[in-house]
Amino acid sequence: MKARIGVVVMAALLVLYLVLVGQRAVVLIGAGEAVGVAMGVSLLVLPVIAGWAIGRELWFGVGAERLGRRLEAEGALPDEVVATHPSGRIDRSEGEAVFPRYRDAVAAAPEDWRAWYRLALAYDAAGDRRRARHAVRQAIRFERAAR
């Protein structure tokens, strides 16, 4: 719940920022000087790009959470118990021992969103966030195609 509150606060701050920057951009463009117009246009374009990127990440988070809840409701989340360090991170050697199971499940069913989501959890547990995010994106794409 704390994460959702944080997201709402950050989104509200982004909207406030976009409004304030938009006002400054209009003032700069209205001044009519070449440098001011260029700065005004960039002040309009860059926040739009940032807003798009944040929106994309929010949509990714919503999709990942939805798939996680669905998998949990189906009782299909991974249930291996592996040793963890005091920091909460999984012991790498134990994580690597269970990882092939999820990789092989994706190889056996490359369009199964459940297999991709479980693989993402294995990647995340191993600390490989880049591959975890890719696997979740694949899971979201395959689940959407299955609907």
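Do the conditions hold for Arg147, that is, is it closer than 24 Å to Arg56 by Cβ and either charged (D, E, K, R) or in contact with a helix residue (DSSP H, G or I) (Cβ under 7 Å, 6 or more places away or on another chain) (or both)?
The answer is yes for Arg147.
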Selected residue (only one of Arg66, Arg4 is basic (Lys, Arg), modelled with pLDDT under 90 and within 30 Å of Ala132 (Cβ to Cβ)): Arg4
Where a residue in the range 1-22 is under 17 Å from Glu57 (Cβ atoms) and its partner, wherever it lies, is in a helix (DSSP H, G or I), with Cβ under 6 Å and at least six apart: Leu18/Pro47
Index of the failed condition, Phe99 passing every other in (1) within 24 Å of Met10 (Cα to Cα); (2) surrounded by 11 or more Cβ atoms within 10 Å (Cβ to Cβ); (3) not acidic (Asp, Glu): (1)
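Evaluate the following for Gly32: is it on the phi > 0 side of the Ramachandran plot, exposed (fewer than 12 other Cβ atoms within 10 Å of the Cβ) and at pLDDT 85 or above?
On the way: on the phi > 0 side of the Ramachandran plot: yes; exposed (fewer than 12 other Cβ atoms within 10 Å of the Cβ): yes; at pLDDT 85 or above: yes.
So Gly32 passes the test.
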The listed residue being part of a helix (DSSP H, G or I) and within 20 Å of Leu14 (Cβ to Cβ), out of Gly55, Gly36, Gly68, Gly30: Gly55
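Which one of these is among the β-branched types (Val, Ile, Thr), in contact (Cβ under 8 Å) with a residue 60 or more places away in the chain and either in contact with a Leu (Cβ under 8 Å, 6 or more places away or on another chain) or surrounded by 12 or more Cβ atoms within 10 Å (Cβ to Cβ) (or both): Val37, Val136?
Working: Val37 fails: in contact (Cβ under 8 Å) with a residue 60 or more places away in the chain.
After applying the criteria, what remains is Val136.
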Number of the condition not met by Leu77 [criteria: (1) surrounded by 11 or more Cβ atoms within 10 Å (Cβ to Cβ); (2) within 17 Å of the chain's Cα centre (by Cα); (3) within 30 Å of Asp112 (Cβ to Cβ)]: (2)
Yes/no for Gly61 being touching a helix residue (DSSP H, G or I) at 6+ places or on another chain (Cβ under 7 Å) and assigned to a helix (DSSP H, G or I): no
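Quick check on this structure: which one of Asp128, Asp104 is among the charged types (D, E, K, R), more than 19 Å from Arg147 (Cα to Cα), without any contact (Cβ under 8 Å) to a residue 24 or more places away in the chain and surrounded by fewer than 14 Cβ atoms within 10 Å (Cβ to Cβ)? First the steps, then the outcome.
Details: Asp128 fails: surrounded by fewer than 14 Cβ atoms within 10 Å (Cβ to Cβ).
Only one candidate passes the filter, namely Asp104.
The values are calculated or read from the model by the stated rules, or taken from the named source; none is laboratory data. Because the structure is a prediction, the values reported are computed rather than measured. We place every Cβ from the backbone using ideal geometry, glycine too, and count neighbours over all the protein chains shown.
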